[in-house]
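Shown next, in structure tokens, is the structure this report addresses.
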Amino acid sequence: MNAGWLHSMLVFLVKHFQAQDCLLPTGITSENAARRFGVTRQEQDQAAIVDPKSGEEKQVTISVDDGIRPETAVSSLAKLKPILSWIHNLRNSSQVSDGAGAVLLMRRDVAMRKELPIPGIFRSFVAVGVDPAVTGIGPAAAIPPALKSAGLQIEDIDLFEINEANDKEIDI
């Protein structure tokens, strides 16, 4: 690593104290979110295996994702020792395989000409800035203005697929 770069980064962090939070690991920032928004360990464990719409425990099998653990129950999660301070354990935290995804966007006429399926419509996006010390609050800040920009209401959406590394977003 270039020593000059490191020195300039340290000087920047001293001058801009809050920027230091950008260097926090996501496990710490997600625990900050849990504390700030009152998410309990039990709620976190339930979010790992409970359907957020019905509240029922669901047996979910995704053949290509090794992170789904069908034998997991809320009672077994409660027995696991937390990884950091109090909310994350080995079964309710994201695994190494989380975080990858891709989206292919094209004009409708191109998709139709190539006889490709059209599974959705891209209507809007927004860029928001949130406190870097708290993981997972970005969707809560971004969804309302994105919906407004698209001329939609939250009731118009059947399902939000929020890809965040940890599960507190479900409860916030």
Computed FRET value (nearest 0.05) for T26 with L80, which takes r as the C-beta separation and R₀ as 30 Å: 0.95
Ranked packing of 133-144, 24-35, most packed first, by mean Cβ within 10 Å: 24-35, 133-144
Semi-axes of the equivalent ellipsoid for segment 102-156, Cα gyration tensor, largest first, Å: 29, 14, 9
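The numbers here are math on the coordinates, done by the rules we state, and not lab data. These numbers were taken from a predicted model, which means no experiment stands behind them. As a convention, Cβ positions derive from the backbone with ideal geometry for all residues, glycine included, and neighbour counts pool all protein chains shown.
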